[in-house]
Every structure is written in C-alpha cells, then in structure tokens.
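What follows is a single structure, written as structure tokens, with notes after it.
Every read-out reported here was derived from the displayed coordinates using simple, explicitly stated rules and does not represent laboratory data. Being a predicted model, the structure only gives us computed values, none of them experimental. Cβ placement follows ideal geometry from the backbone for every residue including glycine, while neighbour counts extend to all protein chains displayed.
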Amino acid sequence: MHLEFKFKGQDFLLLPDKAIYWKQEEALLIADLHLGKITHFRKAGIPLPTEPEQKNWANLSKLIHTWEPKQILLLGDLFHSDYNNQWQKFCEITEIYNDTKWILIKGNHDILGKQAYELSNMEICPSSLEMGPFLLTHEPTECPEDMYNLCGHIHPGVRLIGTARQSLRLPIFYFGEKFGILPAFGAFTGLHIIQPEETDEIFIITKNEVMNASALIDSNT
Amino acid sequence: MANKAPDIQPLVAWFKSNDWKPFPFQKKAWTSFLKGYNGIVNAPTGSGKTYSLLLPVLAPFTHEKKTPKGLQLIWITPIRALAKEIKISAERAINGLGLEWTVGIRTGDTELNARQKQITRPPQILITTPESLHIILSSKKSRSILEECHSIVVDEWHELVGSKRGVQTELFISYQRAMKPDLKVWGISATIGNLEEAMDVLLGPDQSRKRILIRSKIKKKITVKTLFPRRIEKYPWAGHLGIRMLEKVVPIIQESNSTLIFTNTRAQCEIWYQKLLDAEPSLAGIMAMHHGSISSEVRAWVEEALYSGKMKAVVCTSSLDLGVDFRPVETIIQIGSPKGVARFIQRAGRSGHQPGATSKIYFVPTHTLEIAESAALRQAIKLNMIEQRIPYIRSWDVLTQYLVTLAVGGGFYETKIYDQVKNTFSYSSMEKEEWQSLLHSLTYGSQSLKAYDEYQRVGITNDGKYLINNRSMAQRHRLSIGTIMSDGMVRVQFQRGRSLGSVEEWFIAQLTPGDAFWFAGQPLEFIRLNGMVAYVKKSKKKTTRIPSYMGGRLSLSTEVSTVLRDKLYEYHEGTVKDIEMKKLVPLFDMQKERSALPNKDDFLMEYFQSTEGYHLVMYPFEGRAVHEGIAALIARRIAREIPISFSIAMNDYGFELLSDQYMDVDSLINQELFSTKNLAEDIQASINAVEMARRRFRDIACISGLIFTGYPGKMKKNRHLQSSAQLLFEVFKDYESDNLLYLQTHEEVMTFQLEEVRMRHALQRIQNQNLKIQKPERPTPLSFPIIVDRLSRDKLTSESIEDRVLKMKIMLEK
C-alpha cells in the first residue's frame, strides 16, 4: 500500500514501487532506473539473466497504468550506459504512452547521443528543472532558500537495529532539511546506507508497504 | 631387454660425489619413474624430495650428453617464492651430471621479454604455477612451448589438492595428456589423511595408467610446549590476540638464535609485531614481519634474511607455512590455536631441519579454554591423526574460466575437450546436460536457449570451433585468470612510489585523510586514495588502528575436536593427566558450579536472559564451521514452530541462538530438533535462510568472469560493468536459481563449510545423548566467548519485515 505524505503544501503518494505520485501535478517522480544495465553486462560477455530487465518494464508499465500520470519526471540515471537495444524498448513505451509528457533530468549515467534522446520524444533537461516549490535534479544540489531540492543518485537505504542483535537494511524515501532523495527504481541496483538526522523524515519501503520511520531515528544508539 | 631395471647408476654416482647417500624413497622414485609409472612421493620438506623426481627426468640423457630439443619437464609449484630454490637445485644436478639443459621460471613475476624468449627457445625444464600454465594456454603463440613436454611434476600437491588451483592443475594435465598420451605425471606431497585420494585426483580416474605411492620413512619428532599465563584464573575467557602472553614470549625469542612466530590472521600479525617491538626495542632491525598483504619485494627480502641467518625473529602468518627451507630457524611459536594437526605439524617442521633433530613448538593460548587445544593437538600428533584435504569437484567456475581460456587461445572443439575434461577427477561425474548448460551460457549467455539478444562472448565457427576473436575481451580474460582472488584490494604506497602491500578496500574507505593506521610494521598517515592506490606517508602518531581482513577464521578440524571432546570427558572420569588439562580444572569447576560440563552422556545446553535478550547456547564441540550449519538448522526448526528472529553466533565449542523474545525451551527443545530425518532438505533450506552461500559467491563470480576485478588504472572505463557479488547473487537467486554457478555455491557450502557428513555424525551423536538444559544465572566460562562475539553473526527469521521494523531503531553511527 502507498502512503500519503503532505510536503511543502503538496500531496505526495509514496509508492512501494519506489516512485512518488504527485497529486497536484498529476506526475510520477522516478529516479535511477538504470535501464539497459543487464544488457550492458551481457554485451560484455557477462551472462546475467535477463529477467530484471523485464521486471523494470513490467513495473514501469504497471505504474503508468495505475496512476495514468499527465507527466513522468525522471530524476536521472534513466539508462545505465552506452546504447543497446533496451533503449529502443524504452522508446516504444514512450510512444505507447505519448499523451504523457516525459521529462528527463540527466544523471551521470545518461551518456547516450543526441539522436537517441530525440528518438524517445522526451523533454531533456541537462541538469535541473523547477516545478512548484521544487528544484528537481539528479544529484543533491544547493538551491535557493524558497525552494526544496528533490533528487536521486544516492540509492538511499537505512540500517535498522533492534534488541538481540537484530538488523535490517531497507530502501527509503528520504526528506531532509534541504533536499529529498528518492529510492532507486531499477531492479538491478544496489543500496547505499545513509545516516539520517533526527529531524529528517524517513519512509521505509518493505515489500508491499511504505512505513513512516521518522520516529525510529535514534541518536542514542 | 624390456624389463631391464632402469639405470640409476649415474644418479647414485653423482650423489656419492657429493657425499650424499640416496634415501630408499629416492631410489624407489627414480626406478619407478624410469619404468613408466605415475605417482606420488610422500616426503616432508627438506628431505631431498626435489631430487627424487627431478633426477629421473635427467637420467636417460646422462650417457649421450645430447641436449634434447624442447621442453622436457614442467615443474609446478604452488608458490612463486619456491621457484628460485628449485631452479638452483636443478642447475646443480644438471651441472653435476655434465648436461647442458636450461631451466626457466615462468610466474607472474617473470619479465615479458624472458617469457617471449621461452617461446622462441623453450628451456628443457620450466618451473611455473598453475595460473601461469593457464595463461600459456590462453595464447596460440605461447602454447607452442608445451609441444614436446612429456613429464609433469607437481610440488607440494597437498597444498593444491584441496583448492581450486588443484582443479586448474587437473585441467592443465588433461590438456597436456591429450597432446602427449604417454605423459608422466608425479606429485610430491606431505602427509595428509587422504593421500590415496590425492593421487587419484592428480592422475585422474583412468586406473589403467600405472601408479605408485611412495612413502618416505622419514618422520620428524615434535615436542609441544604450552606457555601458561602467569595467573590462569585472571586470563580472559574470550579473545584471539593473546597479547598478555608477551612477557612469556619475549624471553623465548631472546634465548633462541632465530624464531618464527606464527599468528592466525594478518591483523594479529601486525599487532604482535608492534607489541613485541614496544616490549623489546632491541629487536628493531633484527625482527621482521611477513604476511600475504605485504608486497612481494618486502617478503622476498625477509625470506632472504631468514635464509642467511640475519633475522632474530619473524612474525608471520600462513604465508610462511610453505616455502624455502630456513635452516637457521631454531624455534617456533604458535600464537592461538592452529585449529588443525597438519597445519601445526607443518609449522613445527619449520625448525629443526637437521636430520634426526626434534622440532619444538611453543603454543601460546589467546584465551583460557584454548589451553585445552594444546593438549588435544599433542595427542592427535601422537595418534598420527592428520586431516584430509577435500578435493574440489564440479567447480563450474573453474571450468568456465578454462573454456574461455581455450576459446581465447585459438579455440576448441566441443567433443574433444569434453572427453578430456570428463577424464579428470574433478569433472568425472559431470552430466552431458551440465556440460551443455555451460556451453550455452558461454555462447548465448543463458543455460537454456532463449531469443537472441546482444550477448557476446564465445562464438562458434562454421566448422564448430568455439572461439573468441574480440581482442579486448581476450585481454580482459587473460588479466583475470587465476582462482585466488584479492577481495577488492587497495595497494598501499608511499608518495615517492615504494609499495608496502595491500589492504582491503573497505578498510581504506573508512579512513579520512590525516588518519593514522598501522601497516607493514609501521605507523602510516593516510593521504589520499587514487583509483586502487592509497597514498601514505610515515606517521609519528601512535595508533591502534590496524587493517583487519574479512574471512580467514579457521575452524577446528574433525581430528582436533574429537580429541578435544575426549580430553574434556577426562574431567568426569578423573583421568586428567596433561599439564594443560590439570591447569584448567579450576575453570571446569566453575563451569560445573554455574551450569554443567559436557560429558559423554549428556548434550549440554544453556538458556539465560541478559540485557541483550534471551540466549540459547549449545555445545557440540565440532568446530565453528559445523556449528554454523547445526545452528542454522536448529534455528530454522524452531522458527517453523513460532514466529521468531534469531541472531546466531558460534565458536569452535558451541553456538548461540539469541532472540528478543522468551521461548519455552522445555517444550520447544526435544530430540526431534536434532533429527537426521529430511536433513539434506532442511540443511539446504537453512543455508538459504541464513544466506551462507552468499559469502562464497564472490569467489565463484570472479573466477567465472561474472565480476571483473579489473586492471588498475583503467577502472573508469569499466565502471559501468561493476557490480557487487551480493547484487549478482540476488539476481541469480531471484531469477535463475538453477544456474550451475549459483548451485555450486550451495554445494561448496555443504562440502567445505558445513561438511554435511560431519554434521550428520554430530547429530547422531547428540541423539544418543540426554538433552540437558541448564539455566545458569550468569554467563558461564563456555558461553561467554560466544555471546560476546559481535562480528560474523548469521540471521534467521520467521517474522514479517513489517513486524520486525516496528521493534527496531535506525542506526546512527557515532
């Protein structure tokens, strides 16, 4: 189940599919898809199963079907590396959902040529996009006082500990004082453990749930 | 004339001219070799084993004096450091017999032009390593060296046989035998529990080849002496460093001309070196350190100094288990339990090289109970209980690497190579389907045929040859040949350029510039990380920060643990006689007073609460590896009954299941828990549950080419090809769990870690005992060292993630 989160006067739905649905803008926010990553490995002779790639497509299609967004805001690292046939597949999807506006804010992995991007009919922002109270970027960025930065890049997660030496590592949505970080959407991506402050808001993603975990941050541990 | 005894007269004569007399085993090896046998020579280091197999290769040429064309003998050694010494021995014999053979060395250290010269003019004898031989196979040009070679000798085979480098050796031999059907293959091995099997591994399953096992009668006498803490009742119950014993160790070093101090880990080695210097500054300059992360130049220097008698003491790890004879070494000190009889004997044997001399080894316990292991080791030596080396079989990672090596080095035809591989010990049980799966994986990137995608690795030519034409892929493969993987190692180097060695990446990652750490025997200041090089300068700061290395926790062998249990039982039987056990009686008394001491008839368990939670501790005394398996099994069987989460710790004596909730142990713990019914499936499920296989996957992923560890300096270009072993493991677990490499991790856990057979025996033993649950009010001497272990814990749960999250906190560092 998703979780409703009012933030900076906006209504967010934090989805267990590791994306945000932004009600006012009717937009899906997605970061770090790393599409084509498996294929990139396979092209180099590393025989990985292709299923995680399929899973990305399935997850993406499901999201679009469920929320029918007017726009999809991609916060960088959309495509993992050099061109491969998965880009074509992505372009087919943007073609199918062409009444949705696709916007890519480029990340460090987005190194495709101009032609490739043109094929996708996306609007391309080289580094940032202002929308509502937010500055959308790939990497965490300083922004004007009256704005708040939303980004990806980090693949954020936290380590939880409990009594009797229990521990868990889970992906999160992170909302700090200056910026918020989305979890990585891609199926074959890792997790980077961050150290939140007690004033931060943290939402943990379990398999099918999003849980507000801000109260669990404990500087006394 | 066919059955005429081979002529070994020239060899005997040469020995005589040196005032030597051949040992019976040497003569036997000479004649057997010349009669066309294959086999194994079982002899300890320093007994003339090299000449037992080197000379018969030369013998047929001693009359004609004509130098044969091409390579005659490949001498495989597991460590590069030995190559030089063997070369000197070989050249001495060649000269002595009036021959004009050349001897070449080819290892990772050999210069490029020397290697190329070996191709144009092959030496008659080539001393090399398993990896270097596979690198030879990876190029069409260098393969030509091998054409004439009709003899292979594998030195220190006992070291290779229980490793994947042993499998590499088997594969190489299978290749060479296909070229030279009458190839002679011999091994030299120290005593291990399964010598006959080791011979079968080396020679392959085809019993039609004449084979012989030659045992030298030379036996070394070993004295084991335990150093006891001054006040045993004050000595810690837990620990692994043993620094408190410094005051007892220093006088022994001082009294001896040259001492080797063996430690079990590199971190322990660094610490002991530092503390010894602090305690005895006069050792500066005449004491050195030797471990696997120190650069090869420094190690070579230390070895040289030891050899020439310039070293008073060297603190080392298993890095000096093998290698050159250090004749000047008089005394051996072992810090902490060596965990195995073979390892202990090997180390003891580093001293007392004179024939008939007794090797003396001092045992330094690092915690109180370890004192008992000294008594157990002495007994095991007396009973000649030597561990087996379990050979790796069906290592798909090594086979994948080999097939790519062949594809890169000019290509291969399927049926021909299949027959060769199938005729090795390691792959004799390989099914045709498994072979097909591997080939499919290489050519199509999937074990089963699927739709074409952009996968590229091995291509098939029109006439059916498997081939790699892509130069960069070939280059990448050659760089990654090898089965010993460095786990993301960062080179430590002075700014001026001198390299000190390497440490694991994660250790450097936690340093900030300006931080000091202790490495290679000196305090260093971290300046910056550049690619995979950490730049440092000398530091004046005192520091206690020392790189530790993951893994490397040895487990008590079957042999030692069996004897150790018997030693404990002596307490009840009133037959305690070893000095070690006598000294431990007060500790056993305390254990008995607080709880109970294990005996033959009862299986001891303890259940108690602390601020951490509820501890359930059991004591099978089977070694930590087996305990990891039993613990996971018991945890899983309990968690099937009630939703619960466990944190699992173990040592060589027992294991702990820690949970945050109370359980009614009196009803939950019963003989059913230890049942061997459905054991195989239950073990499999518990391996999955605590993800034991995950840790083994990194090696397999590296060897088979799933992870490219890369060439230093060119990291950037390959960054997009980087992934963690953990991530890969997840992908296979979730999407391709029938993948042979993924299945291999489980097989390896079963065979090498949990030792299923041993686990079954242990459970059967427990089933014949009474289950005895004690509820001590305080931790006992037995439980204490286990429950304080914070590292290397396993986890098993039957609660939902959501329920667990609600009971937790987010960890903040500092």
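The label point for residue B:116 and the one for residue A:197, both projected 7 Å from the Cα toward the Cβ, are 6.1 nm apart. Ranked from largest, the principal axis spans of the Cα set of the protein assembly as shown equal 99, 78, 61 Å. Close amide H pairs (under 5 Å, H built 1.01 Å from N) link residue A:131 with A:136, residues at least 5 positions away or on another chain. Per-residue ellipticity at 222 nm computed for chain B from its helices equals -12000 deg cm²/dmol, with DSSP H segments shorter than 4 residues left out and the rest contributing -39,500 (n - 2.57). Take the Cα radius of gyration of region B:619-703 and divide it by 2.2 N^0.38 Å, N being the number of residues; the result is 1.16.
A straight chain from residue B:478 to residue B:499 at 0.36 nm per residue would run longer than the Cα-Cα distance by 5.2 nm. Mean separation of Cα pairs under 8 Å and 6 or more residues apart, divided by the residue count, gives chain B a relative contact order of 11 percent.
Counting only Cα atoms, region B:360-512 measures 68, 52, 27 Å along its principal axes, largest extent leading. Farthest toward the positive end of the dipole of the protein assembly as shown, out of B:703, B:6, B:468, is the Cα of B:6, where the dipole comes from beta carbon charges about the Cα centre. Our Cα-only numbers for region B:9-215 put the radius of gyration and Dmax at 16.0, 46 Å. Along its first, second and third principal axes, ordered by size, chain B spans 83, 72, 59 Å in Cα coordinates.
Put +1 on the Cβ of every Lys and Arg and -1 on every Asp and Glu Cβ in the protein assembly as shown; which of B:786, B:192, A:45 then has its Cα farthest towards the positive end of the dipole? The residue sitting most towards the positive pole is B:192.
Within 10 Å of each residue's Cβ, count the other Cβ atoms and sort B:760, B:350, B:244, B:498 from fewest upward.
Fewest-to-most ranking of B:760, B:350, B:244, B:498: B:498, B:760, B:244, B:350.
Converting phi to 3J(HN,Hα) with the Karplus coefficients 6.51, -1.76 and 1.60 and the offset θ = phi - 60°, region B:408-416 yields 6, x, x, x, 8, 9, 4, 5, 4 Hz in sequence order, with x at every glycine or proline.
For chain B, the share of DSSP beta bridges that are antiparallel, to the nearest 5, is 40%. Among A:138, A:65, the ranking by other beta carbons within 10 Å of each residue's beta carbon, starting with the fewest, stands as A:65, A:138. Taking only alpha carbon atoms, region A:72-159 gives an Rg to Rh ratio of 1.00, where Rh is the Kirkwood radius.
Just so you know, the averaged projected area of the alpha carbon convex hull for region B:206-300 sits at 11.8 nm². Rounded to 0.05, the FRET efficiency of the residue B:751 and residue B:182 pair, given R0 = 35 Å and the Cβ-Cβ distance, is 0.55.
Label-to-label distance, residue B:325 versus residue B:688, with points set 7 angstrom from Cα along the beta-carbon direction: 5.5 nm. With the simple spin-label model, which puts each label point 7 Å out from Cα in the Cβ direction, the residue B:764 to residue B:247 separation comes to 5.0 nm.
If R0 is 60 Å, the Cβ-Cβ spacing of residue B:585 and residue A:115 corresponds to a FRET efficiency of close to 0.10. Whole-Hz Karplus values for region B:560-573 come out as 5, 5, 4, 5, 4, 4, 4, 4, 5, 4, 4, 4, 6, 7 Hz, taken residue by residue from phi with 6.51 cos²θ - 1.76 cosθ + 1.60 and θ = phi - 60°; glycine and proline positions read x. Near residue B:110, no amide H atom lies under 5 Å from its own; only residues 5 or more places off or on other chains count, and H is placed 1.01 Å from N. Checking the cross-link pairs B:577/B:775; B:35/B:140; B:312/B:541; B:27/B:184 against a 24 Å limit on the alpha carbon distance flags B:577/B:775; B:35/B:140; B:312/B:541 as lying beyond it. Helical content alone sets the calculated 222 nm signal of chain A at -5500 deg cm²/dmol, taking -39,500 (n - 2.57) per DSSP H segment of four or more residues and averaging over every residue. Karplus-based coupling profile of region B:29-45, in residue order and whole Hz: 5, 4, 5, 4, 4, 6, 7, x, 6, 10, x, 10, 9, 9, 8, x, 4, with θ = phi - 60° in 6.51 cos²θ - 1.76 cosθ + 1.60 and x standing for Gly or Pro. Over region B:595-806, all Cα pairs binned in 5 Å intervals from 0 give whole-percent P(r) values of 1, 6, 14, 17, 18, 14, 11, 7, 5, 3, 2, 1, 0, listed from short to long. Over all alpha-carbon pairs in region B:489-538, figure out the percentage whose distance exceeds 15 Å. That fraction is 30 percent. Under 5 Å between amide hydrogens, built in the peptide plane, is the criterion, and for residue B:42 it picks out B:189, B:214, B:215, B:216 among residues at least 5 positions away or on other chains. In a reduced charge model with +1 at each Lys and Arg Cβ and -1 at each Asp and Glu Cβ, region B:221-382 shows a dipole moment near 520 debye about its Cα centre.
The eigenvalues of the Cα gyration tensor, multiplied by 5 and square-rooted, give region A:3-216 an equivalent ellipsoid with semi-axes of 27, 22, 16 Å from largest to smallest. The spacing between region B:195-212 and region B:262-276, judged by their C-alpha centroids, is 40 Å.
For region A:97-159 versus region B:163-179, the spacing of their alpha-carbon centroids is 53 Å.
The gain in end-to-end length when the residue B:798 to residue B:215 segment is fully stretched comes to 204.5 nm, 0.36 nm per residue minus the alpha carbon separation. Listed by chain and number, the aspartates and glutamates placed with their C-alpha closer than 20 angstrom to that of residue B:310 are B:85, B:255, B:280, B:297, B:321, B:325, B:330; residues fewer than eight positions away on the same chain are left out.
If r is the Cβ-Cβ distance from residue B:790 to residue B:454 and R0 is 41 Å, what FRET efficiency results, to the nearest 0.05?
According to the calculation, E is roughly 0.35.
Here the relative contact order of chain A, from alpha carbon pairs under 8 Å that lie six or more residues apart, stands at 19 percent.
Please report the spacing between the Cα centers of region B:607-661 and region A:1-71 in Å, no decimals. Cα centroid to Cα centroid, the span is 40 Å. A quarter of the convex hull surface defined by the alpha-carbon atoms of region B:221-382 gives 8.9 nm² as the mean projection.
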